[in-house]
Each structure stands twice: as C-alpha cells, then as structure tokens.
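Participant: Sharing a structure, written as structure tokens. Questions coming.
Computed from the coordinates by the stated procedures, all read-outs in this text should not be read as laboratory data. Predicted model, so just to flag it, every value in this text is computed and none were measured. Here the Cβ positions follow ideal geometry from the backbone for every residue, glycine too, while neighbour counts run over all protein chains shown.
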Amino acid sequence: MTDAKKFDPKKRKKLNNPIRLEWIPPALVWSLINPGTGSTFVDIGAGTGYLTNKIGLLAGPAIEIHALDIEPLMIAEMRQTLPAESTIIPQLMEKDRLPFADNSIDGIWLITLFHELEPPEPLLAEIHRVLRPGCRMLIVDWEKDTAACEQGPPFAHRIAADTALQTVTAAGFADVRQVPGFHFHYGILAQA
C-alpha cells in the first residue's frame, strides 16, 4: 500500500457515516462470509470498527471477530468506541502479515481496502494461508466505472472488478465470483 492510496486516518470520522450501512449492508456481508459454521472471523482494514461492530451484532456473542488495521489511531478508536461486551478484538497488524496460525480462520472480509494494496498478492497469500480449507474471503471495494465518483477514493486509485477477480483467482482461491447487493461497490467472494 502506498501513502498516496492509504486512507488518511485524520478523516476517520467519515467511516462512521450511517449511509455506509446502506451502501455495504452488514447483513449481506455476514450472510456471504458465514455459511453457518465457524467461530473465528477477521476484518482486515477495519478502520474505526463501525461496520465491524454492526456485523458483530449480527454474528452474536459466540463469534469472535479480529478487527485488524495497520494504523494505531484506528485501533485506539476501536478500543474506545466498541461496547465492553463486544467479542470484537482490535489488533494492530503489520503490512501483509496476519497474526494467525495456518488454517485457523473461518472467514475474512476486506471492505474498501483492496484498492490500497500495492501489490495485493502478499496479503492474498497470507489470507489463503490462514483460512481453513473451504472457508470464504469477501472483498468489497469501490466500483471503477461508477458515475458517482464523488464518493470514495479518486477514480485513478480504484481497481476494476474484472482485475480484482483475475488477481484473486491467480492467488489460488477457488470459486471466485462477483456477488451483487452493494451500492457504489462490487463484491468478490472466494474460497480457500
């Protein structure tokens, strides 16, 4: 990820805009990533934890969600704002390194992060390493061809859905497909 594409943590309050719940419905994310089994999930690039918390409420108290970010300010904000009874665990991560054992995670999502990854292959390899066989990864990112470019990152920073599909397939994931239901965004679902 380059500094030019990295989300500016000074703008983090934008991540808490309720309109994001319409654009990226938490119930849709959860239904795509969790086929009904598993108890340990990961949100990579969780930011302030706003969407992570909404997904966690749907997941319920038996589900553990690790909310990862490379920005200490985001982790600090999550620790301050997440409910005390939450099963969401904020964790600082190193770029392209996941702090989990091989085949130990039941599902991973990346929301509006894929366009920041340069190159994406090292993180995709880590995701493939930690996901249990058959478990899912969901990428939700900004459409490149949308007319509504006033939202989100600059048009030049965006990655087209076709390019993302090819990249994920080349990284060794199975059943890679685009999924509908996101506004201004595309969804890509894949299995380890």
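Participant: Arranged by the count of other C-beta atoms within 10 angstrom, fewest first, what order do Val179, Val42 take? Mind showing how you got there, number by number?
Facilitator: Values: Val179 14, Val42 29.
Least to most surrounded, the residues fall as Val179, Val42.
Participant: Report, in whole Å, the centroid distance computed from the Cα atoms of segment 12-80 and segment 106-175.
Facilitator: 16
Participant: Here are a few candidate values for P(r) over Cα pairs in 5 Å bins from 0, in percent: (i) 1, 7, 12, 13, 12, 9, 6, 5, 4, 3, 3, 3, 3, 3, 3, 2, 2, 2, 1, 1, 1, 1, 1, 1, 1, 0, 0, 0; (ii) 1, 8, 18, 22, 23, 17, 8, 2, 0; (iii) 1, 7, 13, 15, 15, 13, 12, 8, 6, 3, 2, 2, 1, 1, 0. Which one was actually calculated from the structure I just gave you?
Facilitator: (ii)
Participant: Please give me the summed charge of the neighbours of Leu123: other residues whose Cβ is under 9 Å from its Cβ, Lys and Arg +1, Asp and Glu -1.
Facilitator: Working: positive: Lys95, Arg97; negative: Asp96, Glu121, Glu126.
Charge balance near Leu123 sits at -1.
Participant: Also, I was wondering about something else. So for segment 52-157, considering every pair of alpha-carbon atoms, how many percent are separated by more than 25 Å?
Facilitator: Values: 1529 of 5565 pairs.
For segment 52-157, the share of Cα pairs beyond 25 Å comes to 27 percent.
Participant: Then there's this: Could you size up the charge dipole of the chain around its Cα centre, putting +1 on the beta carbon of Lys and Arg and -1 on that of Asp and Glu, and report it in debye to the nearest 20? Before the final figure, lay out each step's value.
Facilitator: Details: 18 positive and 23 negative charges, 64 e Å.
Dipole of the chain, to the nearest 20 debye: 300 debye.
Participant: Considering Cα pairs under 8 angstrom that are at least six residues apart, work out the relative contact order of segment 9-191 and quote it in whole percent. Write out the running numbers ahead of the final one.
Facilitator: On the way: 331 pairs, mean separation 37.4, N = 183.
The normalised contact order for segment 9-191 reaches 20 percent.
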